[in-house]
Amino acid sequence: MMRFAPALAFARASTTARHGGAQMALRMMSAAAPGPKPASPEFSSGPCKKRPGYDVAALDSRTQGRSHRSKIGKERLALAIDESKRLLGVPDDYLLGIVPASDTGAYEMAMWNMLGARNIDICHWESFGKGWFGDAISHLKLRDSVEVNEITADYGEIPDLSKINPDNDVCFTFNGTTSGARVPEGCDFISDDRTGLTLCDATSACFAMDMPWDKLDVTTYSWQKVLGGEGAHGVLVLSPRAVERLESYVPENRPLPKIFRMTKKGKVDTAIFKGSTINTPSMLAVEDYIDALQWTDSVGGVPALIKMSQDNLGVIEKFVNENAWIDFLAKDPSIRSSTSVCLTMDLDAAQIKKFVALLEKEDVAYDIGGYRDAPPSIRIWCGSTVEKKDVEALMPWLKWAYEEVKA
């Protein structure tokens, strides 16, 4: 089917493979078009763009229609776990498991099982971290039994992390997906001599940022982010200190739904971390994840993925430096996210909405509106599955859309 943009200048045809089938797309430009459009306009911050060359038809289909408890099902789940640990450099004595309900499910599993043993510092500077604080005080009602300290900052900034007490448990997001602000490299704000646990939501950081595992006791992520996987599944990584907490602390009068239960008879259920999932996973989504892990290995592992994301950010940094009407929500480069890149413009909220709609109508960029709770802004996903050439192609179109809205 042919789609015509206003005042046609020229057309470019491209063949793409999506959902296992080849589809011919004839993409048009308007007379004022600044240049070629991105070959892939998927800049959503979740679910995120598939890896370059992805083809669903190439996935291993042996587990389709098979039980996740079957021999092949367990083998593939175990492979996903083992390869995740290897590629991420997770220490051998840490546990990694696939759990229900995406990163949210993984993080709340940890909160419901572990928090309440000691005082807590909750650091947040965007919507998801604020949600964990809400869980702690409104749903777990932890202030009835321990101190819950709120350490916070506005969107685009991070709080004074030196306020963290090493004797307290600490909850924080590694990378603020909705604010574009991340913790400083190395996480030096976390004490090596801490007695509390660190609970880190790393959903938009794992595979695109260096994870200092010695600083992290509980780490969660979803493969729908940096690896462009499917939604609904989370990953939970536990240090030996986190395991000790699970086996020594049982919260009083706190019911745990089945999908949150990680212990049996006072011991961690290690089967979860070997491929025996708590509930039924999508084996198709697991195969999709394995495909992404294999791609990661083929391009040079996590260091290569980190560079890809940083290179994408570099393209936008150059563009921002050259255009006064656009800026980063996170002004400080040392805390600027390379994955969820959030940008403010010399436009009001209604104009930004029009700006976003224009780019989507032109099939240039999909799903780049800022998060609903964030200041008026746009958010461009620059994770490792997004190709640098597409970010480069997008930049002139940002200026085009801005001028169209301001006219």
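The values are calculated or read from the model by the stated rules, or taken from the named source; none is laboratory data. If you're wondering where the values come from, they're calculated on a predicted model, not measured in any experiment. Positions of Cβ are backbone-derived with ideal geometry, glycine not excepted, and every protein chain shown enters the neighbour counts. SASA here: full protein model, heavy atoms, side chains in, ligands and nucleic acids out. Shrake-Rupley method; radii C 1.70, N 1.55, O 1.52, S 1.80 Å.
Below are the figures for this structure:
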| read-out | value |
| --- | --- |
| Alpha carbon centroid spacing (whole Å) that separates the stretch 217-276 from the stretch 296-344 | 31 Å |
| Accessible area of the stretch 70-197 belonging to carbon and sulfur atoms, whole % at 1.4 Å probe | 45 percent |
| Top of Ala153, Ala57, Ala202 by mean-square fluctuation, Gaussian network on the chain, Cα under 10 Å | Ala57 |
| Residue among Ser239, Ser67, Ser127 with the largest mean-square fluctuation in a Gaussian network model of the chain, springs linking Cα atoms under 10 Å | Ser67 |
| Kirkwood Rh in Å, taken over the stretch 110-196 so that all alpha-carbon pairs contribute | 13.1 Å |
| Compactness of the stretch 264-358 as Cα Rg over 2.2 N^0.38 Å, two decimals | 1.67 |
| Value of [θ]222 nm, deg cm²/dmol, for the chain, DSSP H segments ≥ 4, -39500 (n - 2.57) each, nearest 500 | -9500 deg cm²/dmol |
| Ser298 versus Asp92: modelled label distance in nm, points set 7 Å from Cα along the beta carbon direction | 3.0 nm |
| Average Cα contact separation per residue, the chain, under 8 Å, 6 or more apart, as relative contact order % | 23 percent |
| Rounded percent of accessible protein surface that carbon and sulfur make up, the stretch 288-350, 1.4 Å probe | 53 percent |
| Sparse-neighbour loop sites [trypsin sites (Lys or Arg not before Pro); the stretch 256-317; at most 16 other C-beta within 10 Å; DSSP] | Arg261, Lys265 |
| Relative contact order (percent, whole number), the stretch 316-371, Cα cutoff 8 Å, 6+ residue spacing | 24 percent |
| With eigenvalues of the C-alpha gyration tensor scaled by 5 and rooted, the chain, Å | 38, 27, 17 |
| Where labels lie 7 Å past Cα in the beta-carbon direction, separation of Glu403 and Glu75 in nm | 5.9 nm |
| Hull volume in cubic angstrom per residue (convex hull over the Cα atoms of the stretch 305-357) | 89 Å³ |
| Accessible area in square angstrom per residue, the chain, 1.4 angstrom probe | 43 Å² |
| Hz values of 3J(HN,Hα) by residue in the stretch 299-311 - Karplus curve (6.51, -1.76, 1.60), Gly and Pro given as x | 9, x, x, 4, x, 5, 5, 4, 5, 4, 5, 5, 5 |
